[in-house]
Amino acid sequence: MRKRELWRTVKRFLWYLVLSQGLGILGAVIYFMVMHPSQMNNEAAIDRFFESDVMVWAMIAGYIASIAWFLGRGHIRLTMGRLRHCNLWATAGMSEMIALAWLFTELSLLSLIDADKIFADEIEEMEKMDELFKGIRGFLAIAILTPISEEIGFRGMLLGGLLRARVRPWVAIVCSAVVFGILHGTEIQLMGTIVFGIITGWLLWRTRSLLPGMIMHLTNNSFVFITDYLWGDDDENPETWEAIVILAVCIPLLVYGLKWFHKRW
């Protein structure tokens, strides 16, 4: 039974990746093999495609397809789990507080190590991609669909399957978080996304519900998108003393939020 559940988990997670990411690749194949076969070996043309509106809408379609498939087929259910007997507003508020506390902690740590210089080339590429995700379609993709889809795939499908296969909880949580971090594909985000995955994974294990992690993920992405939209390139990294003050405030809030969940379940 354990091996069967592990194999089922791997198959479903791979199918999730095909749905969520594969439509973008399929769009590229159709674009070059059918519409523009002469440009298949043109590196500049390929780069332009992956920075085009077509690619953005292909990604949006992939996220919608993955959400609709797994929820519609009943593979993932957005149940209340252990939350049914608690104050849902307090739970949502704590999830949001944890999200913001970790986000500011991560940004402060990156500022203290001077990540802008260490990962200068990577940040430049990320800024180019950010230009594609503006306006309503950007908010839909980044702030709404990405968090829902990723929580379904990485926490619901991958972590949930590992737990059902009786993998030790902390092994399952860390493994799913590492996969989550690696598949984001950037060095500057690697450790941050792994820690984020551990926190949301622990929330799933603790509450038996995807909702706290999903609220946390929605809060994180929405806040980043809105602040980037409002300030764009004008935002500056905090000074060293400001980063230390932020850490002194946010780390206790993060610990308090996690203890709040720990005490109730």
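What accessible area, in Å² to the nearest ten, does a 1.4 Å probe give for Glu5?
10 Å²
Taking log10 I(q)/I(0) by the Debye sum over Cα atoms at q = 0.09, 0.16 Å⁻¹ straight from the coordinates, which label in (i) -0.45, -1.34; (ii) -0.58, -1.25; (iii) -0.41, -1.32 is the correct one?
(i)
Any idea how far the Cα center of segment 60-108 sits from the one of segment 165-236, in Å?
10 Å
Keeping all protein chains in place and using 1.4 angstrom, which order do Cys175, Cys86, Cys250 fall into by accessible surface area, from largest down?
Highest to lowest solvent-accessible surface, that is Cys175, Cys86, Cys250.
So what is the relative contact order for the chain, in percent, with contacts set as C-alpha pairs under 8 Å and at least six apart?
29 percent
Might you work out the accessible area of Arg264 for me, using a 1.4 Å probe with all protein chains in place, and round it to the nearest 10 Å²?
120 Å²
Would you look at the GNM of the chain, springs on alpha carbons closer than 10 Å, and say which of Val249, Val56, Val174 moves the most?
Looking only at Val249, Val56, Val174, the biggest GNM fluctuation is shown by Val249.
Cα gyration tensor of segment 108-191, axes a ≥ b ≥ c as square roots of the eigenvalues: rounded (a/c below 1.5), prolate (a/b > b/c) or oblate?
Verdict is oblate for segment 108-191.
Mean residue ellipticity at 222 nm from the helices of the chain, using -39,500 (n - 2.57) per DSSP H segment of n ≥ 4 over the full residue count, to the nearest 500 deg cm²/dmol?
Theoretical 222 nm ellipticity from helices: -23500 deg cm²/dmol.
The values are calculated or read from the model by the stated rules, or taken from the named source; none is laboratory data. Just so we're clear, the structure is a prediction, and the values are computed from it rather than from any experiment. Keep in mind that these areas ignore ligands, DNA and RNA; they rest on the heavy atoms of the full protein, side chains included. Shrake-Rupley method; radii C 1.70, N 1.55, O 1.52, S 1.80 Å.
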